[in-house]
Amino acid sequence: MINFIIVLVATALCFILKYQWQNRRLVKMMNAFDGPPALPVVGNALTFVCSTKEILRRGLSIMAQYKNPIRIWLFHIPYVAITDPEDFQIVSMKALEKDDGYRFLADLIGDGLITAKVSKWKKNRKIIAPIFSRIILYHHYLDIFNKQSLKLVETLEQEISHGKQFDAWLYIFKTFFNIISETAMGYSKDFDNMETLAKLKDSTTKASLLAGQRFYQPWLQPSIIFKIYTFMKGWSNVFEESKAVPLKILKLKREKFLEEKSNNVTKEEKSYNSFIDILMNTHEAKHFTDEDVADEVLTIMFAATETSALITSFALLMLAMHPQIQEKVYEELRETFENSDRPMTTDEINKLTFLDQCIKETLRLFAAVPVVIRHTYEDLPISNGRVIPAGANIILAIFGVHQNENLYPNPKVWNPYNFDADKVAARHPCAFVPFGVGPRMCIGYKQSMVAITTLLATVLRKFKLSTDETEYELDVDFLIRSARGFNIRLEHRN
Ligand code: HEM
């Protein structure tokens, strides 16, 4: 056994030494950056052999301790973490290729915009981006957000009668699942069965956790090890289960599309409101195969549902924990709507400036997407004459920028006044980047801000929130989650 271990370690050492010699320029440039001391062979990988909760804590502690850009070695793979807004902007504009690890996310969401290689991404983004700038203009979308927010309020009424704390997550997840099913796929039949939804939420969460672990913990990357790992956890089918519902809806949609085509249904008779309707009828998208369409739809379902649901749930929890701020939001809502319970309009959304600050502060502190990882094929000059070497992976540390003490004093405290106009004006434009920035910026950011505002305003007009929670605890996979759920209590406003 000892002989076997010696041979194994010696082989690994030879491999690493050969790599370092062949890539000596990259290694030299990397080692010029600040960063935690790296061990031979494993580099800094052992730092990430821990629970997912701990990964987030350790990642943040490295970012607080070392100066941007930060060098990290996962075995022989070089990573550079960016926590400075100026460099964040430069890298976002210039290094468009995603890190190879995104192929593990493709198990969950297919090979759509988020995971696609630049050559495919460029073609598809050109077709998909105009669809998003068109659909957000449709009043129809706001109608859907209003309708689902009112349904949520009705469902929450049932919780009031219990008068005790409950976890809001499944209700908010359900609301966004229904919103995205309708806006992305034109599927207006709601998923109301809480049992089915709980199963869907469960498989999505597990799939996301697995994909995230494989991303941060490279020893899970070889397929055979990953298969054994998922089998031992009893999670072998979670990727299929998490995709089953969206793929079923997509199948129905395709059948309807083909039926309309064969019946020569005219443009006027068709419903053109959802993402998929527009995509299937876009001339430029004619080269999309069925698989391409499925990939893009799964990508949007994943990108839109849990991110928006998490930010809304964190905002509810924070407002419940900060009653004075909640009262200020309520005053703004009363001034805007007086005592009417009419649905929201775009004008009214624009008037809710303090609620907007609360949402932005939630996006800062809980970010939903903690990091985006890019790859550079060329030397990439950043600020102060430094150069990231060709071949490096670059961690755009959204979470790190948002917790940078030089930008936000007391960065771990939820404080909507961080977004007072004068404070925003004094910061670098990339000091707040929850949706990324540049050509690969989130395609649904406007839609998601409007949906989150509509939902929060509708709930807060109806209910006063409270909670016994006094602090938050975070967990991470691909997304930032609450380790303790979103426990709140509701009371009717008069
Ligand atoms: C709170 C909600 C959301 C957050 C925090 C969020 C955040 C992000 C981030 C950080 C990225 C990566 C940007 C980069 O690579 O620089 C991204 C990409 C993306 N998001 Fe979002 N997002 C949200 C909601 C949505 C919604 C509602 C949709 C669609 C309806 C959406 C669709 C996408 C797509 C398709 C991409 C890939 C864009 C590309 O690479 O071209 N997201 N999002």
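Brief remarks follow.
Condition check ((1) in contact (Cβ under 8 Å) with a residue 60 or more places away in the chain; (2) not hydrophobic (A, V, I, L, M, F, W, C)) across all residues:
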residue: Val41; (1), (2): no, no
residue: Ala45; (1), (2): yes, no
residue: Phe48; (1), (2): yes, no
residue: Thr52; (1), (2): yes, yes
residue: Gly59; (1), (2): yes, yes
residue: Ala64; (1), (2): yes, no
residue: Pro69; (1), (2): yes, yes
residue: Leu74; (1), (2): yes, no
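- Scanning segment 352-365 for residues that are surrounded by 16 or more Cβ atoms within 10 Å (Cβ to Cβ) and assigned to a helix (DSSP H, G or I) yields Phe354, Leu355, Asp356, Gln357, Cys358, Ile359, Lys360, Glu361, Thr362, Leu363, Arg364, Leu365.
- The residue of segment 40-69 that is nearest to the chain's Cα centre (by Cα), among those that are within 27 Å of Leu210 (Cβ to Cβ) and outside any helix (DSSP H, G or I), is Ser51.
- Residue list for segment 114-138, filter: surrounded by 21 or more Cβ atoms within 10 Å (Cβ to Cβ) and not in a helix (DSSP H, G or I): Ile114, Thr115, Ala116
- Of all the listed residues (Phe337, Phe302), the sole one being surrounded by 23 or more Cβ atoms within 10 Å (Cβ to Cβ) and either touching a helix residue (DSSP H, G or I) at 6+ places or on another chain (Cβ under 6 Å) or touching a residue at least 60 places away in the same chain (Cβ under 8 Å) (or both) is Phe302.
- Residues located in segment 70-90, provided they are part of a helix (DSSP H, G or I) and touching a Pro at 6+ places or on another chain (Cβ under 9 Å): Pro85, Asp87, Gln89, Ile90
- Among residues of segment 143-171 being touching a residue at least 60 places away in the same chain (Cβ under 8 Å) and within 22 Å of the chain's Cα centre (by Cα), the one that is surrounded by the fewest Cβ atoms within 10 Å (Cβ to Cβ) is Asp167.
- From the list Glu327, Glu306, Glu331, the lone residue that is out of contact with any Pro (no Cβ under 9 Å at 6 or more places or on another chain) and farther than 27 Å from Gln403 by Cα is Glu331.
- Matching entry among Val387, Val433 (being among the aliphatic types (A, V, I, L, M) and surrounded by fewer than 22 Cβ atoms within 10 Å (Cβ to Cβ)): Val387
- Among the residues making up segment 125-142, those that are within 21 Å of the chain's Cα centre (by Cα) and under 17 Å from Gly438 (Cβ atoms) are Arg125, Ile128, Ala129, Phe132, Ser133.
- Residue in segment 387-410 that is in contact with a Phe, Trp or Tyr (Cβ under 9 Å, 6 or more places away or on another chain), free of Cβ contacts under 8 Å to residues at least 40 places away in the same chain and more than 30 Å from Thr115 (Cα to Cα) present: no
- Leading residue by the ranking (farthest from the ligand (Cβ to nearest atom)) among those in segment 294-323 that are of a type outside the set (A, V, I, L, M, F, W, C) and under 16 Å from Thr205 (Cβ atoms): Ser313
- Per the listing Asn263, Asn273, the residue uniquely at pLDDT below 80 and out of contact with any helix residue (DSSP H, G or I) (no Cβ under 6 Å at 6 or more places or on another chain) is Asn263.
- Inspection of segment 64-81 identifies no residue that is within 14 Å of the ligand (Cβ to nearest atom), surrounded by fewer than 21 Cβ atoms within 10 Å (Cβ to Cβ) and not acidic (Asp, Glu).
- Selection of segment 408-433 for residues being within 13 Å of the ligand (Cβ to nearest atom) and in a helix (DSSP H, G or I) yields only Cys430.
- Selection from segment 434-467 of residues that are within 16 Å of the ligand (Cβ to nearest atom) and in contact with a His (Cβ under 8 Å, 6 or more places away or on another chain): Pro434
- Failed condition for Ala368, given (1) part of a helix (DSSP H, G or I); (2) surrounded by 21 or more Cβ atoms within 10 Å (Cβ to Cβ): (1)
- Matching option when the condition is part of a strand (DSSP E or B), of a type outside the set (Gly, Ala, Ser) and farther than 29 Å from Ile55 by Cβ, among Arg461, Arg489, Arg481: Arg489
- Cβ-Cβ under 6 Å pairs, at least 6 apart or on other chains, segment 195-208 side buried (at least 20 other Cβ atoms within 10 Å of the Cβ), far side outside any helix (DSSP H, G or I) and not aliphatic (A, V, I, L, M): Lys206/Trp235; Ser208/Asp477; Ser208/Phe478
- Looking across segment 468-478 at every residue that is part of a loop (DSSP other than H, G, I, E, B) and touching a Gly at 6+ places or on another chain (Cβ under 8 Å), the one that is farthest from the ligand (Cβ to nearest atom) is identified as Asp477.
- Qualifying residues in segment 96-117 (those that are in contact with a Leu (Cβ under 6 Å, 6 or more places away or on another chain) and within 10 Å of the ligand (Cβ to nearest atom)) - the one farthest from Pro439 (Cα to Cα): Ile109
- Candidate set from segment 51-70 (those that are of a type in the set (Val, Ile, Thr) and modelled with pLDDT of 90 or more); member that is nearest to Phe88 (Cα to Cα): Ile70
The values are calculated or read from the model by the stated rules, or taken from the named source; none is laboratory data. Keep in mind the model is a prediction, meaning the values are calculated, not measured. FYI the Cβ positions are ideal-geometry reconstructions off the backbone, even for glycines, and counts take in every protein chain you see.
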